[in-house]
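Notes follow the structure.
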Amino acid sequence: MGLTRSLTAPSMQGLPSRQGVTLLVLSVAVDVNEIARLGKDFPWVKPSGCPRCGQPLWWHGFVLAYFSCLLEPVWLRRLRCSCCHRVHRLKPAGYWRRFRSTILEITQSISHRSESGRWCRTLPRGRQRQWWRRLQRIAGAVLGLFPGSTSDALEELRSQGFIPVSLSFECDNSGAGPPPYLSVSLP
Ligand SMILES: [Zn+2]
């Protein structure tokens, strides 16, 4: 599989950091297996500007991240804005922030459980139970007596902008951080 070098416009998710500075996760269309194979040599493409203020970004080291498809953590690239000093992290698209399983794996697990009453064999049961419990909690709070299946509730929550299996729906699902979001044109 070749490197995916054509990046989509990143979507952003705000992460409150310990310093009170908003960390942004920029989702980019890259292959997590290639990142694992090449390590710090992976050819990340730098976004043309800060998603918040549009000013140039500088490489700002690496951060280790875990993904469910890999045994070992991988190095993700970080960037720092020269103007607003926000730190951004590049992350493969297809993941919700703080989740090591892909969105596809999570939705498939929920859909499988919803239809068959069983957990997916390919994913850890504990993790699937946790997703299921969190989803039911958020669905109950947000959707109330929802007429559809649990899987339908997940899709409904997604369409409303929620991360439907997150622990804290009040802050984790506040959208993508403080608006407005500027779109970032990538080289
Ligand atoms: Zn900035």
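The values are calculated or read from the model by the stated rules, or taken from the named source; none is laboratory data. Small disclaimer: the values here were computed from a predicted structure and weren't measured. Every residue, glycine as well, gets a Cβ built from its backbone with ideal geometry; the counts of neighbours run over all protein chains shown.
Observations
- Pair list, Cβ < 6 Å and 6+ apart or interchain, from segment 43-64 residues that are farther than 10 Å from Arg78 by Cα and polar (S, T, N, Q) to residues that are away from the ligand (no atom under 11 Å from the Cβ) and at pLDDT 90 or above: none
- Long-range neighbours under 9 Å by Cβ, at least six apart or interchain, first residue without any contact (Cβ under 8 Å) to a residue 24 or more places away in the chain within segment 93-106, second of a type outside the set (A, V, I, L, M) and part of a helix (DSSP H, G or I): Ile103/Arg158
- Boolean, Ser109 is without any contact (Cβ under 8 Å) to a residue 24 or more places away in the chain, in contact with a helix residue (DSSP H, G or I) (Cβ under 9 Å, 6 or more places away or on another chain), surrounded by 20 or more Cβ atoms within 10 Å (Cβ to Cβ) and among the hydroxyl-bearing types (Ser, Thr, Tyr): yes
- Yes/no for Leu38 being within 16 Å of the ligand (Cβ to nearest atom) and among the aliphatic types (A, V, I, L, M): no
- Identity of the residue in segment 41-82, of a type in the set (A, V, I, L, M) and touching a helix residue (DSSP H, G or I) at 6+ places or on another chain (Cβ under 6 Å), that ends up farthest from the ligand (Cβ to nearest atom): Leu70
- Residues of segment 83-141 classified as touching a strand residue (DSSP E or B) at 6+ places or on another chain (Cβ under 6 Å), away from the ligand (no atom under 16 Å from the Cβ) and at pLDDT 90 or above, total: 0
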